[in-house]
Amino acid sequence: MAPHGNPEAPASAASEINREAPKVAATNAEGTTTAPASGPDVASHGAKEETPWSLWEVFVRSSRGLSHVHAGSLHAPDAAMALRNARDLYTRRNEGVSIWVVPAEAISSSDPDSKGSFFESPQGKDYRHATYYTKSEGVKHL
Amino acid sequence: MASQNLQSVPAELSPEEQEREAAGQAYFDRIISEDSRIEPRDWMPAAYRKTLLRQISQHAHSEIIGMQPEANWITRAPSLKRKSILMAKVQDEAGHGLYLYSAAETLGQSRDQMMEDLIAGKARYSSIFNYPTISWADMGAIGWLVDGAAICNQVPLCRASYGPYGRAMVRICKEESFHQRQGFEILLELSNGTPEQKQMAQDAVNRWYAPSLMMFGPPDDDSPNSKQSMAWNIKRFSNDELRSRFVGMMVEQVRVLGLTLPDKDIRFNEETKKWEHGPLDWNEFKEVLAGRGPCNSQRVERRREAHENGAWVREAAVAYARKQAQKENAA
């Protein structure tokens, strides 16, 4: 897709995204459940209740050869709009050559409460690092 | 530090819950004492969450309301180049607001709710945006002084202990430096222009100087939340410290502009090694913050209008998305 081209035909991955705006409270990939998706309290000034736009996580590839990296999140009613918004919000200065948008609720993440046990297996396995092997110190090209 | 952050555990919690709270607090204290970062799904004290939510949402609102004083001049910018620059800057402010709303959302408040609070007049934003922009030179003074003060404030916030806030600030700071430079350039050109243009630049600096110093918040002895925010590594420097640093930078830069700062009490204190400035009108600050500034009602009203007039667009987008989804399902 051209940097400012028409994102009407979304990039490959995005076309597979379920475009129906989720009706449940979205969970930000960063963590907490954002927003009980109940409409805002608008009675005070007479506006009618709106369907909130769902939450999307945005990943930007800064240049060819690099991975897409999480840039942030945004709200949009569907994938095509999410891509447009992501372009305007996260690539105003040529920060990217490709964008992925993913419904925040589609992301599964590890449980922060199990930090220790979930990640403990590499501990005590120093031998997986080159720095473990010291006898070769001083030997060239090793 | 740990003892400062310790909160009394409410009595109605079950023993298991109490244990979880205590473990959460211990974990939180350790992260803070290691100067590491708290992430959204980590346990955090309720007061920490509340403080962050208040600060980040006020910051977001400031960016959004901050679009107005400058948008006021887009149609009257003196050249196409200046118009393009100003539009890019106003667009940046919108972007900054959105980064910050996203960060605030990770704390459990919806953006829609924050927007509602803003247009209902329930939320605060930086007092600076309640002053009018009466001449083109104000675009220069805002960029140089207001964005300059904002940068001074925001650079240390890139290291705020709350991950999403720090990350939003990194992004914002990168973009903000263009804002200050373009403002400086506007003032420099006016200052080197006709006597009337130079006078216009000086007048803008005279009006924006004190309000921009007040952007750093009340003096340290009158800033009740500062101490706790610093203990939590949200703030890294006190209001007065940042203000003094800012004054020092402006003293240098105003000479390059060929203009003066409207403060005859500015001096470098050799003993404290700090820049000092004349007294500021903190009553005015409180009045503006309390909603009685020159443009408060106009700014909120404008935002409310824009939000409400845009409702049909948001609804149409939702309806379109729904229709497309149905079509796809049927196919």
Quiz item: Under 6 Å by Cβ, and 6 or more places apart or on different chains, what pairs join a residue from the range B:109-125 that is at the interface with chain A (Cβ under 9 Å from one of its Cβ atoms) with one that is basic (Lys, Arg) and surrounded by fewer than 23 Cβ atoms within 10 Å (Cβ to Cβ)?
Solution: B:Ile119/B:Arg303; B:Ile119/B:Arg304
Exercise. Output yes when any residue across the range B:299-313 is within 30 Å of B:Ala204 (Cβ to Cβ), open to solvent by less than 50 Å² (accessible area, probe 1.4 Å) and away from chain A (no Cβ under 14 Å), and no when none is.
Key: yes
Exercise. Looking for whichever is in a loop (DSSP other than H, G, I, E, B), open to solvent by 70 Å² or more (accessible area, probe 1.4 Å), among the charged types (D, E, K, R) and within 17 Å of B:Arg111 (Cβ to Cβ) here; the options are A:Glu105, A:Glu137, A:Glu49. Which one fits?
Key: A:Glu49
Quiz item: Does B:Pro156 qualify as being away from chain A (no Cβ under 12 Å) and either among the small types (Gly, Ala, Ser) or under 15 Å from the mean Cα position of the chain (by Cα) (or both)?
Solution: yes
Practice problem: Determine whether the range B:261-270 contains at least one residue that is open to solvent by less than 50 Å² (accessible area, probe 1.4 Å) and among the acidic types (Asp, Glu). | Solution: yes
Quiz item: What are the residues in the range B:78-87 that are within 14 Å of chain A (Cβ to nearest Cβ) and either touching a Lys or Arg at 6+ places or on another chain (Cβ under 8 Å) or in contact (Cβ under 8 Å) with a residue 24 or more places away in the chain (or both), if any?
Solution: B:Ile85
Practice problem: Output the residues belonging to the range A:120-133 that are open to solvent by 80 Å² or more (accessible area, probe 1.4 Å) and at pLDDT 80 or above. | Solution: A:Asp126, A:Tyr127, A:Arg128, A:His129, A:Ala130, A:Thr131, A:Tyr132, A:Tyr133
Practice problem: Please enumerate the residues belonging to the range A:77-96 that are closer than 22 Å to B:Glu93 by Cβ and in a loop (DSSP other than H, G, I, E, B). | Solution: A:Thr91, A:Arg92, A:Arg93, A:Asn94, A:Glu95, A:Gly96
Self-check item: Filtered residues of the range B:183-201 (kept if crowded, with 20+ Cβ neighbours inside 10 Å and polar (S, T, N, Q))
Solution: B:Ser191
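Okay, residues lined up against (1) open to solvent by 10 Å² or more (accessible area, probe 1.4 Å); (2) closer than 16 Å to B:Pro211 by Cα:
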{"site": "B:Met115", "(1), (2)": "yes, no"}
{"site": "B:Met139", "(1), (2)": "no, yes"}
{"site": "B:Ala150", "(1), (2)": "yes, yes"}
{"site": "B:Ala160", "(1), (2)": "no, no"}
Quiz item: Do we find a residue being over 24 Å from B:Ala103 (Cα atoms), surrounded by fewer than 20 Cβ atoms within 10 Å (Cβ to Cβ), out of contact with any Leu (no Cβ under 8 Å at 6 or more places or on another chain) and touching a residue at least 24 places away in the same chain (Cβ under 8 Å) anywhere in the range B:167-177?
Solution: no
Practice problem: Those residues that are open to solvent by less than 10 Å² (accessible area, probe 1.4 Å) and among the hydroxyl-bearing types (Ser, Thr, Tyr), I need them from the range A:55-64; list them, please. | Solution: none
Self-check item: Members of the range B:25-54 found to be open to solvent by 40 Å² or more (accessible area, probe 1.4 Å) and closer than 20 Å to B:Ser110 by Cβ, listed by number
Solution: B:Glu39, B:Arg41, B:Ala46, B:Arg49, B:Lys50, B:Arg54
Practice problem: Return the pairs, sorted by first residue and then second, in which the second residue is acidic (Asp, Glu) and outside any loop (DSSP other than H, G, I, E, B), the first residue lies in the range A:65-84 and is within 7 Å of chain B (Cβ to nearest Cβ) and open to solvent by less than 30 Å² (accessible area, probe 1.4 Å), the beta carbons are less than 7 Å apart, and the residues are 6+ apart or on different chains. | Solution: A:Ser73/A:Glu57
Quiz item: Among the residues of the range B:208-238, how many are open to solvent by less than 10 Å² (accessible area, probe 1.4 Å), among the aliphatic types (A, V, I, L, M) and in contact with a Ser or Thr (Cβ under 7 Å, 6 or more places away or on another chain)?
Solution: 2
Quiz prompt | Residues that are in contact (Cβ under 8 Å) with a residue 24 or more places away in the chain and among the hydroxyl-bearing types (Ser, Thr, Tyr), drawn from the range A:96-139 | solution = A:Ser98, A:Ser109
Exercise. Considering only the range B:27-77, state which residues are more than 14 Å from every other protein chain (Cβ to nearest Cβ), among the aliphatic types (A, V, I, L, M) and in a helix (DSSP H, G or I).
Key: B:Ile32, B:Ala47, B:Ile65, B:Met67, B:Ala71, B:Ile74
Quiz prompt | Failed item in (1) in contact with a strand residue (DSSP E or B) (Cβ under 6 Å, 6 or more places away or on another chain); (2) modelled with pLDDT of 95 or more, with A:Trp53 passing the rest | solution = (2)
Quiz item: Is there a residue being part of a strand (DSSP E or B) and within 14 Å of chain A (Cβ to nearest Cβ) anywhere in the range B:160-172?
Solution: yes
Quiz item: Out of the residues in the range B:239-260 that are of a type in the set (A, V, I, L, M, F, W, C) and open to solvent by 20 Å² or more (accessible area, probe 1.4 Å), which is nearest to the chain's Cα centre (by Cα)?
Solution: B:Met249
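The values are calculated or read from the model by the stated rules, or taken from the named source; none is laboratory data. Everything numeric in this text was worked out from a predicted model, so none of it was measured. Using ideal geometry, Cβ is built from the backbone for each residue, glycine included, and neighbour counts are taken over all protein chains shown. When the accessible area is computed, the model is the full protein with side chains, heavy atoms only, and any ligands, DNA or RNA have been set aside. Shrake-Rupley method; radii C 1.70, N 1.55, O 1.52, S 1.80 Å.
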